[in-house]
Each structure stands twice: as structure tokens, then as C-alpha cells.
Amino acid sequence: MQHDNNGGNANSMNPEFPQHNHEHQPTSPVDQLVQALSNIILQVNHTNQAMLSFLSARSEPQQNLPDPRVRPKSFSGLPSEDVLSWLDHFEMVASYHQWPHPRKAMEMKTLLENIAATWLVQQPEETRNDWDLLRAAMIRNFAHQDSRQTALQQLESIAQQPREPITQFAVRFVQILRRADANMSEDMKLFFFWPRIRHDLRRRVRDQGPTTLHEAILTAQRIEAADAHDMHTPGNLSHDHTNTMPAATPMDIDVQNAQLRAKRALPERDSQGRPKCFYCNNYGHIRRHCRKWQNQQQKQNVQLADAASLSELPEN
């Protein structure tokens, strides 16, 4: 019995002989069925959650995607069509879809028909694949002289309204500018831009020295934003003190109007910022520095001196 016990103990300590745990009894068939059903229900719930996450992940980005049905109109190149208006329409659709320049050139090829399609085949490959070159070539070939002349007349008559934001005015101005000449130099753009914006905004923008139209528009936007912030900032005077201030008299109003007219009477400037002389109408100087005006003043002084000397002579 001792040998058997030792043998039994040896077998129990040897890993080759598995020990039987008699404490855990095998479950009944009903319990096994319930456990299997629970596992199936858990798997179904996990599958449903995974499907819902997958569908929500696919549906969310599609809500922000542009509508593919929004497409530019075709262009045939007929005399009745305005290529500048069509290009503005194409740019709006391209901006909606956020097309880069290579995509614009590719989409342009699919929209040209009839005369325009024949013209496109005759263009060099470099022009067909470059958006900027393709757009400039279309304007040179299909833009009519009448539309350009009308755009130039609109450039001379357009003006920023007193309460119109510079951003809104810049959109109208740039559209007309493209119709007049898509390849206009920056100096000419600024030449047309300066007289069209408000006088109080023009001087402060020009003092910043912008060299391009884009820089001038951005500078005007910053100045307008600063002015709007200053208008909503309370002043140094208290509310009680402002209420006790006397009302403006008619004389004060006349003085303010005179000062305002004096500010608005500043000399006109050319595209290079040179002032215009009120006397000789030439740019580069003002009246008090004008040689013609100085010569005229000297002549008048000599005439006055001669008249005074003659009046002092004794009468015959």
C-alpha cells in the first residue's frame, strides 16, 4: 500500500499524467444549449454594430461631396456665344467641385463642340494640357471686340458704393476686368482700380504700396476690418459726458463740411502714385511746385510792380 501511494503521488506530480479535477462536473444538455444560444446572440449583436459603424462611416463623407449632376455647359464657339461669360460659368462650377488646374484643362476638352472642338485640335499639346494657356488662347480666339469695348466702358463707370464691402466690389471689378483684357498687366489693373474704390479707402491702401491688384484688395479688406472694429470699440469719453456735450451748431456743420471737401480735394494720382497738377494737368507734381504756375505768378508780380511804379510817377 505504501508503494501504491508513492506511485500514486509520483504520477500526480508528473506532468505527463494529467490530473482529473473532480470538482467541475460536465454541464447538462440544456445548459449547453442555453450557452450556445447566448454565444449566437452575442455574435449577432457584434455583427449588427459592425454593420452600423460601416454604413455610418460610408454615409458621412458622401454628405459633403459635391453633386456630380452639377456640370458646366458646353461651348461651340459660335458668334452668338460670349466666351467670357462661359468662362465665368465654368470657373464657378470648377470652384464648386474644387477642380485643380489639370482637371480644369481635362474637363474643358470634353465641353468644346463644333467650331471650338475643331479649334482645340489645332492647338499645341502644351496649350491643351495647361489651363492658363488654354484659357488665354480661348479668349484671344473667341472674344469679340464688342464685348471688350463694353467691358472697358463698364470699367470706367463702375464704382464702389458708400456701404458696399470691398470684397463684394472686388468680385464685380475682377469679372469686368477679365472681360476687358484677361492678360492685362498689374499696373493697368491698379490704374483702373484706384479711381473706382471709395476715396477714404483709396489713400490708405495706396500708402501701403501694393504692387498687384490682389495685394491691394487684401490691404483694403484689412483696413475695412480695422475700421469696423474701431466703430464697435467704446470711446474714451464716458456716457454721461457725451450726453452733456452741446449740439452742433449750423456753423460747426459748415466747418465740418468744408473740412470734408478739403480732404476730398486731394490731387488725383496715376498708376505709379504720382499726383496730378491742378494747373497744367500733368502728373508728377502739385500746383505749388508747377513751373508753369510759378512763371505765371512771377509775371503777375512783375505786372503789379510795374503798375505800382507807374502810379508813383508825377502827373504830367
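General observations
- From the list Leu201, Leu213, the lone residue that is more than 11 Å from Ile166 (Cβ to Cβ), touching a helix residue (DSSP H, G or I) at 6+ places or on another chain (Cβ under 7 Å) and touching a residue at least 12 places away in the same chain (Cβ under 8 Å) is Leu213.
- Single residue of Ala159, Ala248, Ala258, Ala182 found to be modelled with pLDDT of 85 or more and outside the structural domain of His89 (by TED's automatic domain parsing): Ala159
- Any chance Ala105 is part of a helix (DSSP H, G or I) and more than 17 Å from His89 (Cβ to Cβ): no
- Output for region 68-86, where each listed residue is without any contact (Cβ under 8 Å) to a residue 40 or more places away in the chain and either surrounded by 16 or more Cβ atoms within 10 Å (Cβ to Cβ) or charged (D, E, K, R) (or both): Arg69, Arg71, Pro72, Lys73, Trp86
- Screening region 55-83 for residues that are aliphatic (A, V, I, L, M) and modelled with pLDDT of 80 or more and picking the one that is nearest to Asp132 (Cα to Cα) gives Val83.
- Residues satisfying the stated conditions in region 87-123, i.e. of a type in the set (S, T, N, Q), exposed (fewer than 12 other Cβ atoms within 10 Å of the Cβ) and either in contact with a Gly (Cβ under 6 Å, 6 or more places away or on another chain) or over 26 Å from Ala180 (Cβ atoms) (or both): Gln98, Thr110, Thr118, Gln122
The values are calculated or read from the model by the stated rules, or taken from the named source; none is laboratory data. The model shown is predicted, which means the values in this text are computed figures rather than measured ones. Reconstructed Cβ throughout: ideal geometry from the backbone, glycine too, with neighbour counts over all protein chains shown.
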